[in-house]
Amino acid sequence: MPYVTADDGVRLYCEETGSGSSIVFVHEFAGDHRSWQPQIRHFARFHRCVAFAARGYAPSDIPESLDMYSQARAVDDIAAVMAGLGIVQAHVVGLSMGAYATLHLGLRRPPLVRSMVIAACGWGSEPDKRAANLRNSETIASLFETAGSAVAGERYANVPARWPLLRKDPRGWAEFLEQLKGHSALGSARTLRGVQMRRPSLWDFAEDLKRIKLPTLIVAGDEDEQCLQPGLLMKRNIPDSGLLVLPRTGHAINLEEPDAFNAALAQFFHAVEAGRWPLTGGQA
């Protein structure tokens with residue numbers, strides 16, 4: 001099994017398929033590298049596709065120390081994966097927690113990013129919802145520690161923004177839930193406390209988003225209430241961005257609507273590679 005090693009010695013498990021221009025997929029908290037199979041099967045026909053398991057998610061290392069988990073380390077891990085696989089620049093696709101990391105990669109290390117897809121980003125970020133979401137995250141982190149992943153995963157997944165997947169694809173929902181319940185309880189609790197709860201709100205660095213000079217596709221589901229306003233915030237502040245809202249869709253966009261998601265990304269990548277995704281205000 002292929003691994004790369006992060007700067008702090010943590011080993012990250014990676015899978016790559018196909019050849020061509022590179023796409024790096026960065027998973028959400030409730031997912032892992034397996035969550036991107038509908039995209040890898042589609043895009044590996046024309047691209048080199050890479051998915052990796054974040055620290056805290058087997059078969060990657062699961063550090064015990066909380067200090068080994070942070071938003072900054074999540075960003076550095078994407079860079080480490082790319083460096084370890086010899087990828088100079090890539091289209092980077094992130095969902096939820098992975099979208100936060102992708103967004104910060106675009107801010108901190110833009111030369112690595114050919115384009116970025118920011119999907120289902122902003123959960124818990126709105127100022128009037130932040131305190132409640134932090135309390136909920138602490139509750140779930142404690143549940144992972146005391147009751148284990150099977151109980152905590154069931155609780156974490158059963159929220160309205162995730163029910164559309166159950167309605168649309170019961171078998172896909174069952175697979176998603178089974179994988180979530182198999183995650184490391186230690187890794188999940190550390191990720192919640194070290195990454196999710198410590199990361200800044202999008203509103204805290206909204207002005208910084210104006211500095212991003214990268215082709216950006218923002219994707220949200222209209223039944224993912226906590227990601228709609230963040231999507232608009234990013235659209236209004238990232239100059240070279242477009243916003244796609246998928247109807248009757250919740251948080252797990254790439255699993256709920258794989259055909260629509262893949263088609264939108266394919267069109268976006270093609271436009272970027274053809275030089276037809278100009279900066280806002282640019283001439284045709």
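Things to note:
- Scanning residues 5 or more positions from residue 114 or on other chains, those with amide H under 5 Å from its amide H are 90, 91, 92, with H placed 1.01 Å from N in the peptide plane.
- The Cα atoms of the chain define a convex hull whose projected area, averaged across directions, is 13.6 nm².
- Proximal lysine pairs, the stretch 138-284, alpha carbons under 29 Å, eight or more residues apart or interchain: 4
- For the stretch 105-214, the fraction of C-alpha pairs more than 21 angstrom apart is 50%.
- Here the spin labels are modelled as points 7 Å beyond Cα on the Cα-Cβ line, and at residue 259 and residue 225 they lie 3.0 nm apart.
- Antiparallel %, DSSP beta bridges [both residues in the chain], to 5: 25
- Of the trypsin sites (Lys or Arg not before Pro) in the stretch 175-284, the ones in a loop by DSSP (not H, G, I, E or B) with at most 15 other beta carbons within 10 Å are 198, 210, 211, 213, 248, 276.
- Phi to ³J(HN,Hα) by Karplus 6.51 cos²θ - 1.76 cosθ + 1.60 over the stretch 241-247, Hz, x for Gly, Pro: 10, x, 10, 10, 10, 8, x
- Counted charge near residue 6, where neighbours are those whose Cβ lies closer than 13 Å (Asp, Glu -1; Lys, Arg +1): -2
- Candidates per trypsin sites (Lys or Arg not before Pro) in the stretch 1-69, loop by DSSP, up to 13 other Cβ within 10 Å: 45
- Summed side-chain charge close to residue 114 - residues other than residue 114 whose Cβ falls under 15 Å, Lys, Arg +1, Asp, Glu -1: +2
- Label point distance in nm, residue 186-residue 236, each placed 7 Å from Cα along Cα→Cβ: 4.4
- Placing a label point 7 Å from the Cα of residue 132 along the Cα-to-Cβ direction, the residues of the stretch 216-244 with a backbone N closer than 16 Å are 224-230.
- Here is what passes the span test in the chain: the DSSP H helices with alpha carbon length of 15 Å or more along the helix axis and a Kyte-Doolittle mean of -0.5 or above are 71-84, 97-108, 130-147, 258-273.
- Modelled spin-label separation between residue 11 and residue 207, with each label point placed 7 Å from Cα along the Cα-to-Cβ direction: 4.5 nm.
- Global geometry of the stretch 222-284, whether rounded, prolate or oblate, following the gyration tensor of its Cα atoms and the 1.5 cut on a/c: oblate
Any read-out appearing in this document is the output of simple, stated calculations on the displayed coordinates, not a laboratory observation. Just so it is clear, the model here is predicted, and its values are computed rather than measured. No Cβ is skipped: glycine too gets one built from the backbone with ideal geometry, and neighbour counts run over all protein chains shown.
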